[in-house]
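The values are calculated or read from the model by the stated rules, or taken from the named source; none is laboratory data. Computed from a prediction, not measured in an experiment: that's the story for all the values here. Heads up, the Cβs are rebuilt from the backbone with ideal geometry, glycines too, and the neighbour counts pull from every protein chain shown. Heavy atoms of the whole protein, side chains included, go into the accessibility calculation; ligands, DNA and RNA do not. Shrake-Rupley method; radii C 1.70, N 1.55, O 1.52, S 1.80 Å.
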Amino acid sequence: QVQLVESGGGLVQAGGSLRLSCAASGSVLGIYAMGWYRQAPGKQREMVATIRSSASSNYADSVKGRFTVSRDDAKNTVYLQMNSLKPEDTAVYYCTASKAGYVNWGQGTRVTVSS
C-alpha cells in the first residue's frame, strides 16, 4: 500500500501563492505517476495536474500558466506550486499516486482563496 500525506493548504487572498506538498510512503517502488486533483463545494472532483516518472506533466486548462507540478523522487514527494490564485481555485486538493493500474489517494488539504 501507498500512504500519501498532503500539506501546505490554507487561506490566501486572490492573487497570492501557495505550495502544496505530498509525501508518499509505504510501497512506493513502482509509482509511475503522481498528481493533484481537487473538489470544490458542490462540484465533481477534477484533475489539476499530473506528472509521470519521465517528468512529463499535464495540466487542466484552468490552471495552465499559474500552477506548476514537480516531484522529488529521492523524497517520494510531489509538489504543486500555485500562483495567481483565484477564488474559483477554492477546493480540497487531493494527492494521487498511480501504481500497477491503481490510484492511491491522500486525505486532502483545503485551499481557500478569498476575493
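If only one of Tyr37, Tyr93, Tyr79 is open to solvent by 50 Å² or more (accessible area, probe 1.4 Å), within 20 Å of Val5 (Cβ to Cβ) and among the aromatic types (Phe, Trp, Tyr), which one is it?
Working: Tyr93 fails: open to solvent by 50 Å² or more (accessible area, probe 1.4 Å); Tyr79 fails: open to solvent by 50 Å² or more (accessible area, probe 1.4 Å).
Every option except Tyr37 fails the conditions.
Could you list, ordered by first residue, the pairs with Cβ atoms under 8 Å in which the first is in the stretch 60-71 and without any contact (Cβ under 8 Å) to a residue 60 or more places away in the chain and the second is surrounded by 15 or more Cβ atoms within 10 Å (Cβ to Cβ) and assigned to a loop (DSSP other than H, G, I, E, B), at least 6 apart or interchain?
Qualifying pairs under 8 Å: Arg66/Leu85.
Looking at the stretch 20-52 only, could you name the residues that are closer than 16 Å to Tyr94 by Cα, of a type in the set (A, V, I, L, M, F, W, C) and in contact (Cβ under 8 Å) with a residue 60 or more places away in the chain?
Leu20, Cys22, Ala24, Ala33, Met34, Trp36
Is it the case that some residue within the stretch 58-65 is charged (D, E, K, R) and in contact with a strand residue (DSSP E or B) (Cβ under 7 Å, 6 or more places away or on another chain)?
Looking for residues that are charged (D, E, K, R) and in contact with a strand residue (DSSP E or B) (Cβ under 7 Å, 6 or more places away or on another chain), one finds none in the stretch 58-65, hence no.
Can you pull out every residue in the stretch 100-115 that is at pLDDT 95 or above, out of contact with any helix residue (DSSP H, G or I) (no Cβ under 8 Å at 6 or more places or on another chain) and on the phi < 0 side of the Ramachandran plot?
Val103, Asn104, Trp105, Gly106, Gln107, Thr109, Arg110, Thr112
Going through Lys99, Lys43 one at a time, which residue ends up being of a type outside the set (A, V, I, L, M) and surrounded by fewer than 14 Cβ atoms within 10 Å (Cβ to Cβ)? Spell out the reasoning first.
Working: Lys99 fails: surrounded by fewer than 14 Cβ atoms within 10 Å (Cβ to Cβ).
Result of the check over Lys99, Lys43: Lys43.
Answer yes or no as to whether Leu85 is part of a loop (DSSP other than H, G, I, E, B) and in contact (Cβ under 8 Å) with a residue 60 or more places away in the chain.
Details: part of a loop (DSSP other than H, G, I, E, B): yes; in contact (Cβ under 8 Å) with a residue 60 or more places away in the chain: yes.
Yes: the conditions hold for Leu85.
Restricted to the stretch 1-13, and to residues that are open to solvent by 50 Å² or more (accessible area, probe 1.4 Å) and over 16 Å from the mean Cα position of the chain (by Cα), which residue is farthest from Ser84 (Cα to Cα)?
Kept after step one, since they are open to solvent by 50 Å² or more (accessible area, probe 1.4 Å), are these residues of the stretch 1-13: 1, 3, 5, 7, 11, 13.
Narrowing further to those that are over 16 Å from the mean Cα position of the chain (by Cα): 1, 11, 13.
Values: Gln1: 35, Leu11: 14, Gln13: 9 Å.
Among those residues, the one meeting the criterion is Gln1.
Given (1) touching a Gly at 6+ places or on another chain (Cβ under 6 Å); (2) of a type outside the set (S, T, N, Q); (3) within 26 Å of Gln1 (Cβ to Cβ), where does Arg19 come up short, assuming only one miss?
Condition (3) is where Arg19 drops out.
Which of (1) open to solvent by 40 Å² or more (accessible area, probe 1.4 Å); (2) within 14 Å of Met47 (Cβ to Cβ) does Asp73 not meet, given it meets every other one?
(2)
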